[in-house]
Every structure is written in structure tokens, then in C-alpha cells.
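The values are calculated or read from the model by the stated rules, or taken from the named source; none is laboratory data. Source: prediction; values computed, not measured. As a convention, Cβ positions derive from the backbone with ideal geometry for all residues, glycine included, and neighbour counts pool all protein chains shown. These area figures cover heavy atoms from the full protein model, side chains too; ligands, DNA and RNA do not enter into them. Shrake-Rupley method; radii C 1.70, N 1.55, O 1.52, S 1.80 Å.
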Amino acid sequence: MTAVLDLFDIQGEVTRAYARFGFFYSRYLLLQIKDGARGRDFICAMAAQVTTAATWDGGPQSAPRPDSTLNISFTYAGLKALGIPRASLAGFPADFVMGMRARREILGDDGPSHPDHWDPVWKQPVHVLVSINALSTEAREQRYQAVLGMLANSEDGVVLLEGHRGPGGALLPYQDGHVVFENGQPTSKEHFGYTDGIGEPIFEGLPDMAERVWGRGKQVYDSDGNVNWLPLETGEFLLGHYDEAHEYPPAPMPNLLSRNGTYTVYRKLHENVGSFNKYLEEQGAKYPGGKELLAAKFVGRWRDNGAPLTDAPDAAAKQAWDQKYAAASPQEQDRMLAGVVFDDDQSGAKCPFSAHIRRINPRAALEFGTKNAFDTPGALANRRRILRRGLPYGESKPGQFSDDGEHGIVIMMLGASIERQFEFVQQQWINYGNDFRAGNDKEILLGNHGGPHGACPSRAVLPVDPNSQDAPFFLCNIPRLVTTRGGDYFFTPSMTALRMIAEGTVDPT
Amino acid sequence: MSNIAGKAYAMNVVTPIRWYFVWLNKLIFWLAIKIPGVLTGLITLSLIHYARWVIVSRNDFPHLSPEQPREELKYSYMFFFSNFNGSWDQYVDSFTFSIPGGLDLFWKWNIRYPNSVPLMPFHNYIRYNQVDTNHYYNATPLAASNDVKAAAAIMDSLQSFDKAVANLSPEEFQKQYFAVLRKHQNDLGDMQPTPIVSLAAHEVEMRRKRELAQHAHEHDHEGELHG
């Protein structure tokens, strides 16, 4: 089914990872609604400024490209404070109603990731998430001032919450983000040095669906048994649309409230750059393939350019891959980066089972080499996909050996079901390994290693070619490389729903 | 009740089936076992310990003594039993995502079976017909079925390795040892407690543990008094 989406009704953050379009700077604000009526007036003023998914290409569904964007989402408590009727509120799923803090044991947010250690801003009720993305810091500041103006007009009906930890431990009324710059040039890297955001899901109706579906949609085989890719169903990412189970995702009533909306999981993830560098040095000295190959094994991609280990499993293959990449057209380059399949790596000798990309999107790997075992090869993966938005924050130095400071990623994960998509991946694939036949082994980079109360240390196996003479490599005592510093679950409504919320006209009758 | 023990979940589903379709359903079961490859999808779903379908015809229910009143059953019944690792959702969803066609074939003749796709009607069908487990015992609460299979394979290998290497040179020993490691490199996952299946199940488990601890404590005191 080819979906035609009403791009003017969908918030821009759903269809666009803004950084890919040159919006290298972000700012995230958390608000609390003190008064329902003045809160609705504030939302009304904001709604007029919200950036939609309209394209910027001058075509029939296009709008002028702004120099900054504005998007808005609500917690359950926020929707309640804005006066959404009880009958509509009752239609929201338990995961969203409870929020991230209450779901921490499912997410493995323990020890240093426990909410007790989150930024102080999360210690108070959070109602609204405003996200600004901008082409320049000036444009970001301008947009921020515009939001402050609207807040001032609300006469304390809506307040800006303070307590995001910023540089030097300062407590700020906002969280900033920006791409990592190398030699003054913007990159798509994060603080561990990996190229991020390559494997973005592609779904029916996205404006650039056709040219980006390769490696990003769902893996299928054509009649000759060759790998091909199809867009995922829209309903995996937008409520009110047909999903991979051939139905409309469960959603609150009325349909106008939920259709073209989605859920946004906001998480501030601190990166323990010092622990990472130290661990990589220690283990890299022992690892037969050397430090950079070991770093690639953590994620499944080489750090410098994101070359996938499935196609460039060692230094020699990487060299050949790089040459081919340099000579390729931009479209071929994109396919070389995104078009990862695990079909020729059943042993994990190229990309380990605990590597980041194999865990968060196993593609057809859960058929374990039994081709056509399932009705579709990605049967166990297609309903676990997540749109990833957000940007790195803070500064870190290359070769830094301290975890201190404020640096990490503000990640936003979007999808039609928090429980089925984000929570499942976080619990079953990042903090546990049974689906990969890896027992309790966690994902190397994001796993909640070294849990509290003297829990057993984490390890991971880096398999080798079964036909070689080598021994597999064991990563032992993996330290916790990423810790949660805050977050919550938000509903990102359509423009229609946003206006209805602002007008107080949501009626499920 | 507890449908959960350690890493395992026990599911029982009892569904009525029109008596005149029973022969057809039994034929399908028989063919599924006879034709290789039909059950490949099911077997590849490694979170499943086993899945068993049994049909009891309406006249075959046990009548144990003359005092037991005779039943007039309108339908025959299909009993589905399975133990698996993970949550209810994970299991039911894995089935419908992976082998919807096979599921429909097995349940096709059951009363009001909605088909496994779309998902929500199928969820409701299973929920409605599920019989909760009163008591459930698990001998290996830290192990998923994958872990048990891996452990058994490693045990076999280590026993033969032990016999084979008794008189080898250090170099040859290392070669053989590496070979065993390679053979089992994907059987070596860590074994730790299960992730929380659901917050509700977790709370029940916590209360149960507190009660057991309380009980043990009181028992100790009894011992002191009588001792």
C-alpha cells in the first residue's frame, strides 16, 4: 500500500532528522502548565510557530525552509493539565501514562543511571517538551527568545523548568545540543568517535523514501533470492495508519487526537568517554586485530567513516572498502553505508552479536541462517524499529581519560508504541541477550554493565571465523559506558490535534 | 497464581472446535509432523521451550467413575500448552510476526478464531481463552532454553575434550582447546537473573520474597523458643 501523507499535519521532527538538513544546533526546553486555560492559550500561540513535515523543495507539499524549527510534545500529566477529557486520557497506553521514571526497572536505569542521579530538572513534574533546531546559534537564540516571549504572555500559566546540567555543572533552563565538530567541520559523530544515525528506518509516505530505503526499510528477498528493501508500514511510526500487523495501532479517541501523532522518548545519555578510552586502550592492546578493529567490533562499524564490519571485517577489507567508497556515486555511497545484512555472518565473526547495530536492528539475523524460516525475514525486527532524533551535547577531548564533564547524546526515539519498540529494544536487546542466543550478555556500548549491589561484571564474546585456527576474544569487566541523566515519555500530536488541544475542543464522544 | 517461574512462562489455552472438523485438524497436525520444513519457523523461534497442541474429542473426556455426571459437550476442545522465555507479548507477537500462516492452519477450525493477523483480535482471542497456571515449578530459573541447550552441548564437548587431550603436547592442547572454544563461541553467554517480565509480575515476586523471608524469620524464632 502506498501511503500519501498529509505533511502539513505532521510535526517536522517525525519525518526529519534535522541535522541532516544543516540544523546543527538544538535546544530542548521542559515546561510545566500551572493553569489549564492560560496553558491552552500558550499552546495556541506555539501551534502557529510549529514546524511541520512539509518539504522544502518547492513542490506541491512544500513550505519555505526556516532557519530554525520548533516542535512540541506532551507528557501524560501535561495532557491532563491541558484539560484533555478523561475518556480520551483513558485511551493512552500504560507505558506512556506511567512515564520513564516509573518504568526504570524495565529500562535497566539502575546504579548511576537511577533517577536519583538524573539532572535536577526531572525532579519536578514535566508537562511539555519543546525542541528547537537551528542552522546557527543566533537562529537558535532568536527562536528561544520567541518561546520565552510566549511564556511571558502566559502570565505564569506555563513555566520554564530549570535544572538541566550544563557546562561546569551549571543548572540551566534548557538543554543545548550540537553536532560534534572536528577541525571546525561539522560531523555526524558522537563523543566516542562513531558515525551515528546511518540506519534510520524508512516508512511509507516519507518524501525521500525511494532514494533512502536501501538498508533502512525492511529486508526482503526478491524472487531470485537477492536482498531487497521495502519501506516499513507508516503505522509503525504514526498513529492512525496501517502498521506491520495490518491494523491501526491502538490509540486514544477521538481519531483526530491520535492520527498523525506519535510517541517521543526523550533521553539524556551521558557518555563515559574516559572509561571508554581507557577500556579501549587496555583491551585494544590485547586484541589481535588492534584497537581500531576492536572499537569497530563494539558497534559493527568502523569509527572513521562508518564502514560496516559485515562488508569490511578486517583492516585489509576496510582498505578495499574505502577505495570503492571513494570512487562511488553519492547514492552508491549511501547504499554501502546503510545496506547492512547479516546473512553472510551467521557466526558473528564479522559483526559480533553484542555489537550495537546488530542488537538495535538485527534485520534478518534472528532467522539464524534458516532462510525462509519466517513468513518474512525481518519478522522479529520490523516491529521493533525506532526513529532516532536528537543531537550530541557538550564537549569532550580526543583521548580524554575522565568521565567528568557534560557530554553525551540527547536522543529522542519515536514510534507508535513505546513498549513494543523502545522499551523492548532497551530491555531485551540492549540489556539482555537471549534473542541473540547470548544469554544475559548485554549490548557492549549501551548495556547497563556493572549493575548495582555487586552484580556480576559484564562480558561479551567476539566470535572468530569457525574455519580459522583462532580463539574467540572475550571482553571482560565491561564498564558502564553510557549512563542515563534524565528523560520521559511524550506524545507528539499532529497539527490538527495540537490545535484541538489549544482550543480545548478534544471530544471523544 | 503464577504463569512465570524464573525465565519461563507457562501458557495454557483451551479453545472449542466444532466436532466435525476434528478429523481435519488432526490430519493437519499429522502432516505438520510428517512434512519436513513445516515446523522450521516454530523451531527457529528459540524462546520457545516447546509448544504442544492436543485435541480431545467431545466424547473422549475422562469419565472416572459411575458417580461422575455425564457431560453433554457441544464442542470438542483443543488444548495448547507452551513454555517459553520472555513476556506474554513477546511470545504471542513472535508467533504472529513469524509464522502467521502456520498458526492459522492449526487454529483455523476453532470457534471464533480471528486469524493471527491483525494482531489485536488475536491477542484478545488468546487472552480470553487462556487458563492461568496455578502452580509452576522451574528447575533452572536462571536459564532460558537457549542456555540449557548451550550448556548441554558444552558439557558433551568438554567430556570428549577431556578424554582426547590427556597426553597432548602444550601446543597441540592449545590447538584443540581453541577448536572447542570456536565450536562453542556462541554458547558462552552469561547466565544471570531474568529481566523484569512486567512491573506487575515484578511486584508480585517482590511481595512473595518478602513473605518468604518473613516466614523464615518467624520460623527461626520458633526454633529459638523451642530450642
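Observations
- The mean number of partner chain beta-carbon atoms within 10 angstrom of a residue's beta-carbon across peptide B:37-46 is 4.
- Helix axis angle, B:170-183 relative to chain B longest principal axis, alpha carbon, degrees: 20 degrees
- Gyration tensor verdict on the stretch A:355-509 (Cα atoms; rounded if a/c is under 1.5, prolate if a/b is larger than b/c, oblate otherwise): oblate
- Accessible carbon and sulfur surface of the stretch A:246-322 relative to its total accessible area, %, 1.4 Å: 55 percent
- For the stretch A:96-126 and the stretch A:199-221, distance of Cα centres in Å: 33 Å
- Local net charge near B:Ala143, Cβ-Cβ under 13 Å (Lys/Arg +1, Asp/Glu -1): 0
- Cα-only Debye scattering, the stretch A:122-175: base-10 log of I(q)/I(0) at q = 0.16 Å⁻¹: -0.57
- Shielding by partners for peptide A:243-255, expressed as the average number of C-beta atoms from other protein chains within 10 Å of each residue's C-beta, is 3.
- Efficiency of FRET between B:Leu142 and B:Ala164 - r from beta-carbon atoms, R0 25 angstrom, step 0.05: 0.25
- Principal axis extents of the C-alpha atoms in the protein assembly as shown (largest first, rounded to whole Å): 84, 76, 74.
- Separation between Cα centres of the stretch A:1-70 and the stretch A:481-497, rounded to whole Å: 15 Å
- Acute angle (nearest 10 degrees) that the helix B:119-129 long axis makes with the longest principal axis of chain B, alpha-carbon atoms: 80 degrees
- Working note: 222 nm ellipticity from helices only, DSSP H runs with n ≥ 4, each -39,500 (n - 2.57), summed and divided by the residues of chain A, gives -6500 deg cm²/dmol to the nearest 500.
- Charged neighbours of A:Leu135, selected by a Cβ distance under 14 Å, balance to +3 (K, R count +1; D, E count -1).
- Label separation (B:Gln174 vs A:Asp222): 4.9 nm, computed from points 7 Å beyond Cα along the C-beta direction.
- Aspartates and glutamates whose Cα lies under 13 Å from that of A:Lys350, excluding same-chain neighbours fewer than 8 positions away: A:Asp311, A:Asp314, A:Asp465
- Using the Cβ-Cβ distance between A:Ala37 and A:Leu160 with R0 = 25 Å, the FRET efficiency computed as 1/(1 + (r/R0)^6) comes to roughly 0.85.
- An oblate overall shape is assigned to the stretch A:196-345, the ratio a/c of its alpha-carbon gyration tensor axes (a ≥ b ≥ c) being 1.5 or greater and a/b not exceeding b/c.
- Solvent-accessible area of the stretch B:1-117 (1.4 angstrom probe, protein heavy atoms only): carbon and sulfur portion equals 60 percent.
- Theoretical FRET efficiency, 1/(1+(r/R0)^6), r = Cβ-Cβ of B:Ala213 and B:Arg52, R0 41 Å, to 0.05: 0.65
- Summarising the label geometry, the points placed 7 Å from Cα in the beta-carbon direction at B:His202 and B:Ile35 lie 4.4 nm from one another.
- Volume of the convex hull of chain B (Cα atoms only), normalised per residue: 246 Å³.
- The mean accessible area for residues of the protein assembly as shown, using a 1.4 Å probe and ignoring ligands and nucleic acids, is 44 Å² per residue.
- Packing around the peptides A:179-185, A:124-130, A:201-207, taken as the average count of other Cβ atoms within 10 Å per residue, puts them in this order, highest first: A:201-207, A:124-130, A:179-185.
- Cα-Cα over 21 Å, subset of B:Lys7/B:Lys149; A:Lys291/A:Lys318; B:Lys149/B:Lys183; A:Lys297/B:Lys149: A:Lys297/B:Lys149
- Rg over Rh, two decimals, the stretch A:25-158 (C-alpha only, Kirkwood Rh): 1.02
- Folded to 0 to 90 degrees: helix A:137-153 orientation relative to chain A principal axis, Cα: 40 degrees
- Among B:61-70, A:246-255, A:137-146, sorting by the average number of other beta carbon atoms lying within 10 angstrom of each residue, highest first, gives A:246-255, A:137-146, B:61-70.
- Aspartates and glutamates whose Cα lies under 13 Å from that of A:Lys34, excluding same-chain neighbours fewer than 8 positions away: A:Glu155, A:Asp156
- B:Pro16 sits among other residues whose Cβ lies under 11 Å from its own Cβ, and their net charge, with Lys and Arg +1 and Asp and Glu -1, is +4.
- As a ratio to 2.2 N^0.38 Å, the alpha-carbon radius of gyration for the stretch B:62-128 is 1.44.
- Cross-link partners for A:Lys397 among the lysines, with Cα-Cα distance under 17 Å and sequence neighbours closer than 8 places in the same chain left out: A:Lys189, A:Lys278.
- With a cut-off of 16 Å on the backbone N, the residues of the stretch B:61-77 near the modelled label site 7 Å out from B:Ile111 along Cα-Cβ are B:61, B:71-77.
- Alpha carbon convex hull of the stretch A:318-434, projected area averaged over orientations, nm²: 10.5 nm²
- Distance from the stretch B:1-59 to the stretch A:356-394 (C-alpha centre basis), Å: 28 Å
- Accessible surface buried once A binds B (1.4 Å probe; total of both sides; Å²): 3600 Å²
- Helical runs assigned H by DSSP (4 residues or longer) give chain B a calculated mean residue ellipticity at 222 nm of -15500 deg cm²/dmol, each run adding -39500 (n - 2.57) before division by the residue total.
- The modelled label-to-label distance between A:Thr370 and A:Lys286, using points 7 Å beyond Cα along the C-beta direction, is 3.6 nm.
- Kirkwood-based Rg to Rh ratio, the stretch A:93-191, C-alpha trace: 1.01
- Taken residue by residue and averaged, Cβ atoms of other chains lying within 10 Å of the Cβ of B:190-203 number 5.
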